[in-house]
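Notes follow once the structure below has been shown.
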Amino acid sequence: MNNRWKEGACCLMALLAFLLPPTAAAQGKAGLPASERHGVVVAHTGYTVDYNVQTKNPNWVAWELTARRSKGEARRSSSFKPDPAVGARCGRTGDYTRSGYDRGHLCPAADNKWDARAMKESFYMSNISPQLPGLNRGSWKKLEDRCRRWAAAGGTYYIVAGPVFSDAPAKHIGTGRVAVPGGFFKVIYTDVGGKPRAAGFLFDNVEGKTAGERIVTVDAVERLTRYDFFPDLPDATEKKVEATVNAALWR
DNA sequence: CGGCCCTAATTT
DNA sequence: AAATTAGGGCCG
């Protein structure tokens, strides 16, 4: 198989993802988050995003992490760009400059080292939300590190991350008025070892040590976000793993 | 120490 | 627009 064919297939997938609702581009066997309303859905090499042009944040970003994907040679791009698939209504890097907020990856750059294109695309602003440095470089990053260590040990991890907006009027940054989330969620499913399990994590978008994670059930994150996570799992499995969480298995 | 999360300024 | 340079903090 040659590269031109690969690129063509990739473009076609992205186009399909743009035209069709999220369930059309199922993520592995777990499936992409389902919701009543969705924004611009784009399947990139390393992640699929549902982008919200009103908040200028992703609604969610979904990807898979495996041993192969947790390592590689692609060097960190460090060059943030608007997502060409989203267009002019995508958030801009300039909106973040001197705002006090980091351009925080939802799907981490380091989960895309397995492919140069995936690495570049992880720096698209459709994968970015405003995060206070204490969170982005603190507890958020620590959970990212743990995920890579789990995946490096074997199995496939299905991960979804996104912002949480409170009912209070949102703060905005930049001339593009990028909304600042009050917090973030991450949900993870794996069946490594033949034992399906899942967990949800909630973070406040704050500085310092108060930015610690809270582990919860996936059901709790679904109630908060109104998304249906991992909808392609067998119903019985989905119901069971989303209703409980064993915190000891997620340290 | 290397790896990872970044920032900002400058050059081409 | 892209690449380069220079810097900071945390963690295993």
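What follows is calculated from the coordinates using simple rules that are stated; it is not laboratory data. No experiment lies behind these values; they were computed from the predicted model shown. Methodologically, a virtual Cβ is constructed for each residue, glycine included, from the backbone with ideal geometry; neighbour enumeration extends over all protein chains shown.
For a Förster distance of 35 Å, can you work out the FRET efficiency between the beta-carbons of A:Ala88 and A:Thr66, rounded to the nearest 0.05?
Working: r = 35 Å, r/R0 = 1.00.
For A:Ala88 and A:Thr66, the calculated efficiency is 0.50.
Out of residues 5 or more away from A:Thr156 or on other chains, whose amide H comes under 5 Å of its own, with H placed 1.01 Å from N in the peptide plane?
For A:Thr156, the qualifying residues are A:Asp191, A:Val192.
Quick check: from the Cα gyration tensor, does chain A come out rounded (a/c under 1.5), prolate or oblate?
Rounded, because the longest to shortest axis ratio a/c is under 1.5.
To make sure I understand, if each residue's beta carbon is the centre and we count other beta carbons within 10 Å, what order do A:Leu224, A:Leu233, A:Leu202, A:Leu65 fall in, fewest to most?
Going from least to most buried by this count: A:Leu224, A:Leu202, A:Leu233, A:Leu65.
Please tell me which of these pairs span more than 29 angstrom C-alpha to C-alpha: A:Lys71/A:Lys239; A:Lys71/A:Lys171; A:Lys209/A:Lys239; A:Lys81/A:Lys142; A:Lys56/A:Lys239?
With Cα atoms farther than 29 Å apart: A:Lys71/A:Lys239; A:Lys71/A:Lys171; A:Lys209/A:Lys239; A:Lys56/A:Lys239.
How many angstrom separate the Cα center of segment A:147-200 from the Cα center of segment A:63-133?
Centre-to-centre (Cα) distance: 14 Å.
Starting from 0.36 nm per residue, how many nanometres of slack lie between A:Arg226 and A:Lys209 once their C-alpha separation is accounted for?
Here the answer is 3.3 nm.
Under the rule that an exposed site lies in a DSSP loop and has at most 15 other Cβ atoms within 10 Å, name the longest stretch of chain A with no GluC sites (Glu not before Pro) of that kind, not counting the sites themselves.
A:74-206
Using the count of nearby Cβ atoms within 10 Å as a rough guide to exposure, how do A:Lys239, A:Lys120, A:Lys29 rank from fewest to most? Mind dumping the intermediate values first?
Details: A:Lys239 11, A:Lys120 18, A:Lys29 14.
Ascending number of Cβ neighbours within 10 Å: A:Lys239, A:Lys29, A:Lys120.
Note down the nm distance, to one decimal, between modelled labels 7 Å out along Cα→Cβ at A:Asp145 and at A:Glu73.
My value for the distance between the label points is 2.7 nm.
Listing A:Arg177, A:Arg251, A:Arg226 from the residue with the fewest other Cβ atoms within 10 Å to the one with the most, what is the order?
Final ranking by Cβ density, sparse to dense: A:Arg251, A:Arg226, A:Arg177.
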